[in-house]
2 protein chains.
Amino acid sequence: MTVELIQDIAEMQKITIGARIRGKSVGLVPTMGYLHKGHLSLVRLARREADFLVVSIFVNPTQFVEGEDYESYPRDAERDTRLLDREGVDAVFSPAVEEMYPRDYSTYVEVEDLTSVLCGRSRPGHFRGVTTVVAKLFNAVRPHFAVFGEKDFQQAIVIRRMVRDLNMGVRIVLGPIVRDEDGLALSSRNTYLTGAEREEARVIYRSLLEARRMVREGNTDAGEVTSAVRDMINAKRAGAVEYVKAVHPETLTELSVIDREAVIAVAARFGRARLIDNIRVGERS
Amino acid sequence: MTVELIQDIAEMQKITIGARIRGKSVGLVPTMGYLHKGHLSLVRLARREADFLVVSIFVNPTQFVEGEDYESYPRDAERDTRLLDREGVDAVFSPAVEEMYPRDYSTYVEVEDLTSVLCGRSRPGHFRGVTTVVAKLFNAVRPHFAVFGEKDFQQAIVIRRMVRDLNMGVRIVLGPIVRDEDGLALSSRNTYLTGAEREEARVIYRSLLEARRMVREGNTDAGEVTSAVRDMINAKRAGAVEYVKAVHPETLTELSVIDREAVIAVAARFGRARLIDNIRVGERS
């Protein structure tokens, strides 16, 4: 293997600050590991642009809310490293939890407004954990750009706001959602699904396509469109919708009329797995 | 004048990132302007170490608490610039409020624990404003080191913690308190004092010297030592102590026994002015 494995923050900074000074463009793809084709598509996107490409693997405890799956979140560092080596990644940054959060750790970065809706409602503190760890990763790697997946749509919007507000000078690039052949958005948490739940979870993407069809055919009533999504998912034995909303693509404001570009965002449980997905509708969709 | 005046964040970043790439060490002295000899001593300290020295002047609205003196805080941009030019500063960074906080601004950096005591008790939100603006200034200027004054002792501790926790890679240098001939710590807010109040405010430093004397002579009872300070200040007609505490120099934990190095920190009002000061006592003081 030629990929460099780095666990120390100071060492990581030294390497990429050196690369910057030599005029190289530094790219970062932050992940929680257990890589799937969705992650790898982001890595390929970043590889095309970066002279020096870092992928971070860190299961970040502060973004898991009380009672969530931090302990059981799937991990496979060996396989992840092998995959990233094969993609020609220059360095894998995988700090220990104690390296990232020493005993008397006490600093948090918080984006207000954008984080009180959608996933922020049911996962209080989740986005504070995300923005805090991303701020730390950005300071450790000092990338020119970082790539995030559009599946975690709200996360991407929140991070873009943080970067703008704090003048971080990191360009945020979004990579499209990668789906299995049957349409299910790839997620490390899909591993929680039983065979039957996996089968039923296909409805999520089908319901979003139905929403897009309704809007295309002229239905601008967000209530009707989101109800259709909700009903299709809840009709499944294992399916339980947490939210379905039509929102503004940048402000995340909930729309009651879909007379412009919008995002339909959904979160639903299927058994143990909490799955999210989204689709663009209206105007240019 | 040869000093460069910069108001635009992107321009500031371009200049200091360029300096970094050319191998120059970049120093920053953040101020709210209305410069006095205390500021200038920090500038001189920084000038000795920096190849490229930036002084920021920004009266930061987010660190003023409701009802405080944001509007009336003294300002004199012209005089400040002239003084800094004379000190050989390379660039003065003085962004407009709208440049720093655009309309839908929503990101805050917060250090917990350290900010609930001392000034944090009576100025809720103050340190959140400080850490947020300092994070922004650090990202705008990208300094190798930044200099802060020891008068704002808690502020320096809080900023050091933020830098460590978020891996900002900025070295925090502290400059000693500069005092007027009669002992009063220099502060832009001293301008609020009437002649009589100014005369009485000398007691602050005298009371801290008395505290140090008590500790040197073997009194380890923090209650007795801080009471002496409190009584001396409150005995003045205009004096009203807000707090006097003996605290650990790094954790800011309140000490009841001064059997090690400690800081005696005080905040007191004299008329319109809220003044702070502090002194090291015990062990190496």
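Remarks
- Of A:Met100, A:Phe148, A:Gly125, farthest towards positive along the dipole that unit charges on Lys, Arg, Asp, Glu beta carbons give segment A:4-175: A:Phe148
- Cα-based helix-to-principal-axis angle, A:9-21 vs chain A, degrees rounded to 10: 90
- Contact order for segment A:4-175, expressed relative to its length and based on alpha carbon pairs under 8 Å spaced 6+ residues apart, stands at 30 percent.
- Charge dipole magnitude, Cβ of K and R +1, D and E -1 - segment A:22-104, Cα centre, debye nearest 20: 620
- Of all DSSP beta bridges in chain B, antiparallel share, percent nearest 5: 50
- The calculated FRET efficiency for the pair B:Ile21 and B:Ala96, based on their C-beta separation and a Förster distance of 41 Å, comes to about 0.90.
- Calculated label separations, A:Arg216, copies of the chain, 7 Å along the beta-carbon direction, nm: 8.4
- FRET efficiency, 1/(1 + (r/R0)^6) with R0 25 Å, evaluated for A:His248 and A:Asn219 via beta carbons: 0.85
- Dimensions of segment B:188-278 along the principal axes, based on C-alpha atoms and rounded to the nearest Å, stand at 39, 25, 15, largest first.
- Alpha-carbon centroid distance for the pair segment B:10-79 / segment A:144-219, whole angstrom: 42
- Neighbourhood net charge (13 Å Cβ-Cβ; Lys/Arg +1, Asp/Glu -1) for A:Glu4: -3
- Fewest-first ranking of B:Thr131, B:Thr220, A:Thr191, using other Cβ atoms within 10 Å as the exposure measure: A:Thr191, B:Thr220, B:Thr131
- Hull-based mean projected area of the protein assembly as shown, where the convex hull spans the alpha carbons, in square nanometres: 29.2
- Basic side chains Lys and Arg get +1 at the Cβ, acidic Asp and Glu get -1 at the Cβ, and with that the dipole of chain B about its Cα centre reaches some 520 debye.
- Per-copy distances of the B:Leu5 label point, shortest first, in nm (7 angstrom along Cα→Cβ): 5.6
- Given 11 as the ceiling on other Cβ atoms within 10 Å, longest exposed-site-free region of chain A for trypsin sites (Lys or Arg not before Pro) in DSSP loops: A:104-236
- 0 to 90° range, to nearest 10: angle between helix A:222-234 axis and chain A longest Cα axis: 80
- Loop-located GluC sites (Glu not before Pro) in segment B:209-261 (DSSP state other than H, G, I, E, B) with a sparse environment of at most 10 neighbouring Cβ atoms within 10 Å: B:Glu217.
- The charge dipole of the protein assembly as shown, taken about the Cα centre with unit charges on the Cβ atoms of Lys, Arg (+1) and Asp, Glu (-1), comes to about 900 debye, rounded to the nearest 20.
- Net charge in the neighbourhood of A:Ala91 (other residues with Cβ under 14 Å of its Cβ; Lys, Arg +1, Asp, Glu -1) is -3.
- Close Lys-Lys pairs in chain A, where close means Cα under 30 Å and separation is 8 or more or interchain: 13
- A:Arg164 paired with A:Asp69, simple spin-label distance in nm, labels 7 Å along Cα-to-beta-carbon: 3.2
- Debye equation applied to the C-alpha atoms of chain B, log10 I(q)/I(0) at 0.08, 0.11 Å⁻¹: -0.35, -0.66
- B:Ala235 versus A:Arg269: modelled label distance in nm, points set 7 Å from Cα along the beta carbon direction: 6.7
- R0 of 51 Å, Cβ-Cβ distance B:Ala77-A:Glu78: FRET efficiency to nearest 0.05: 0.30
- Residue (of B:Gly23, B:Ser56, B:Gly33) at the positive-pole extreme of segment B:1-113, dipole from beta-carbon charges: B:Gly23
- The angle between the Cα long axis of helix B:203-216 and the main principal axis of chain B comes to about 70°, on a 0 to 90 degree scale.
- GluC sites (Glu not before Pro) within segment B:1-99: DSSP coil, no more than 16 neighbouring Cβ in 10 Å: B:Glu66, B:Glu68, B:Glu71
Rule-based calculations on the coordinates, nothing more; no lab input. Just so it is clear, the structure is predicted and the values come from calculations on it, not from any experiment. We place every Cβ from the backbone using ideal geometry, glycine too, and count neighbours over all the protein chains shown.
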